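The values are calculated or read from the model by the stated rules, or taken from the named source; none is laboratory data. All values reported here derive from a predicted model rather than from experimental measurement. No Cβ is skipped: glycine too gets one built from the backbone with ideal geometry, and neighbour counts run over all protein chains shown. Heads up: the accessible areas ignore ligands, DNA and RNA and are worked out on the full protein's heavy atoms, side chains in. Shrake-Rupley method; radii C 1.70, N 1.55, O 1.52, S 1.80 Å.
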Amino acid sequence: MKLNNYMEGKTKVIEVDTVRIDASNSGEFKEKMSELTKSQDAIVDFKHLEFIDSSGLSALVYLHKQSINDKTELRLVNLSPKILDIIKTTGLTQILQIYPDLESAKKDM
């Protein structure tokens, strides 16, 4: 799984360069993302993502909890309507910080 990252001021932007997060790669996703977001504000760009299953959602919850423990911000951007619908159905919109695009996520960081 390829994760491209760069700095925007004091915020790390991570582009998830994969079309699927599922049981076959969610462990790798969680591990790499945990390392990249540890103790640092981050915006995660999912513009390439087309599918996520429960193991991928579980990884997002883990990363959310890590950000709370680290007292950092973790914002998700560019989620497709299909993936956003899955996240809404599971109720995760109540805890995850979701923005339509990178610019709106950067505004109040």
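Residue pairs whose Cβ atoms lie under 6 Å apart, separated by 6 or more positions or on different chains, with the first residue in the stretch 80-105 and among the small types (Gly, Ala, Ser) and the second outside any loop (DSSP other than H, G, I, E, B), are Ala105/Ile43; Ala105/Arg75; Ala105/Val77; Ala105/Tyr99.
Right, Glu35: part of a helix (DSSP H, G or I), closer than 15 Å to Thr72 by Cα, open to solvent by 50 Å² or more (accessible area, probe 1.4 Å) and out of contact with any Gly (no Cβ under 6 Å at 6 or more places or on another chain) or not? Answer is yes for this residue. Among the residues making up the stretch 52-78, those that are under 15 Å from Ala23 (Cβ atoms), out of contact with any Ser or Thr (no Cβ under 7 Å at 6 or more places or on another chain) and among the aliphatic types (A, V, I, L, M) are Ile52, Leu60. For the stretch 8-24, the candidate set comprises residues that are farther than 18 Å from Leu79 by Cβ and modelled with pLDDT of 95 or more; within that set, the residue that is least open to solvent (accessible area, probe 1.4 Å) is Lys12. Counting only helices (runs of 4 or more DSSP H) wholly contained in the stretch 51-109, the ones carrying 2 or more residues that are within 21 Å of Glu31 (Cα to Cα) and open to solvent by 50 Å² or more (accessible area, probe 1.4 Å) occupy 54-70.
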